[in-house]
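The values are calculated or read from the model by the stated rules, or taken from the named source; none is laboratory data. Not measured: the values here are computed from a predicted model. Neighbour counts run over all protein chains shown; Cβ positions are idealised from the backbone, glycine included.
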């Protein structure tokens, strides 16, 4: 059985990636990262999702990106925007995906895993530079150059199965696989109970995705949704 490390944030996209990998017969090792984000609700969600979808193992690693700041997700003095803007938004976390993929790469080498799966998306996303197909390809190239496995002829591959799907297509895919999306948390500023704000960019994309997919939105909102 092919072993794969799945980056699992606790959100809708990464839950779908884990379900797809399981459906493809992968032995899945889920990795979540506590990086100093605004809330722990998504990590609690990741634990629920890993259990519900049958991950072989789920680990949470800790990286102090809050000490660097520079993002509304790691610096409480920067407000999370509630209206779409232009350019790369302030919710972009510098080097986050590179750091997470590097941790996944290290664990994959130890496990003897052949694949890393990540839920980045270049269609319905917020303009983050580390969610593009060329970024995924570049990291895979790095992984082949910078690891013992790669040098010895056992290169790891980096899979981004959602990269060219719309949010609606992702939701339809996951629904067919039986995912309970009520287990997931996507909100940038969810409360301690995991209730979504309904106003941030991530909430907007998620809500629009369910509407476009024709699937009832199971999200638990803390207040009236802002459309």
Just to be sure, is residue 126 surrounded by 14 or more Cβ atoms within 10 Å (Cβ to Cβ), more than 19 Å from residue 18 (Cβ to Cβ) and at pLDDT 95 or above? no
Within the group 106, 137, 113, which residue is modelled with pLDDT of 95 or more and surrounded by 20 or more Cβ atoms within 10 Å (Cβ to Cβ)? 113
Counting only residues that are closer than 15 Å to residue 197 by Cα and surrounded by 12 or more Cβ atoms within 10 Å (Cβ to Cβ), region 73-89 contains a total of 4
Any chance region 66-89 includes a residue that's modelled with pLDDT under 95 and either part of a helix (DSSP H, G or I) or within 20 Å of residue 175 (Cα to Cα) (or both)? yes
Inside region 150-162, the number of residues satisfying the requirement of being more than 14 Å from residue 19 (Cβ to Cβ) and either surrounded by 18 or more Cβ atoms within 10 Å (Cβ to Cβ) or touching a residue at least 60 places away in the same chain (Cβ under 8 Å) (or both) is 4
Residue ranges of helices (runs of 4 or more DSSP H) in region 129-227 with at least 1 members closer than 22 Å to residue 107 by Cβ: 133-146, 148-151
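Yes or no: residue 120 modelled with pLDDT of 95 or more, more than 20 Å from residue 196 (Cβ to Cβ), over 17 Å from the mean Cα position of the chain (by Cα) and not in a strand (DSSP E or B)?
Values: modelled with pLDDT of 95 or more: yes; more than 20 Å from residue 196 (Cβ to Cβ): yes; over 17 Å from the mean Cα position of the chain (by Cα): no; not in a strand (DSSP E or B): yes.
Answer is no for this residue.
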Within region 71-93, how many residues turn out to be in contact (Cβ under 8 Å) with a residue 24 or more places away in the chain, out of contact with any helix residue (DSSP H, G or I) (no Cβ under 8 Å at 6 or more places or on another chain) and farther than 18 Å from residue 190 by Cβ? 1
Going through 165, 177, 205, 183 one at a time, which residue ends up being farther than 21 Å from residue 126 by Cα and surrounded by 17 or more Cβ atoms within 10 Å (Cβ to Cβ)? 183
How many of the residues making up region 196-220 are in contact with a helix residue (DSSP H, G or I) (Cβ under 8 Å, 6 or more places away or on another chain) and under 18 Å from residue 79 (Cα atoms)? 3
For region 22-47, give me each residue that is in contact with a helix residue (DSSP H, G or I) (Cβ under 7 Å, 6 or more places away or on another chain) and either buried (at least 18 other Cβ atoms within 10 Å of the Cβ) or closer than 15 Å to residue 106 by Cβ (or both). 28, 29, 30, 31, 32, 33, 35, 36, 45
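Considering 49, 63, 33, which residue is at pLDDT 95 or above and more than 22 Å from residue 163 (Cβ to Cβ)? Please lay out each step first, then the result.
Numbers: 49 fails: more than 22 Å from residue 163 (Cβ to Cβ); 33 fails: more than 22 Å from residue 163 (Cβ to Cβ).
Testing whether each residue is at pLDDT 95 or above and more than 22 Å from residue 163 (Cβ to Cβ) leaves just 63.
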What are the pairs with Cβ atoms under 8 angstrom where one residue, in region 168-197, is at positive phi and touching a residue at least 12 places away in the same chain (Cβ under 8 Å) and the other, located anywhere, is in a loop (DSSP other than H, G, I, E, B) and surrounded by fewer than 23 Cβ atoms within 10 Å (Cβ to Cβ)? Sequence gap at least six, or different chains. 194/220
Every pair of residues 6+ apart whose Cβ atoms lie under 7 Å, when the first sits in region 127-142 and is closer than 21 Å to residue 91 by Cα while the second is at pLDDT below 95 and assigned to a helix (DSSP H, G or I): 135/129
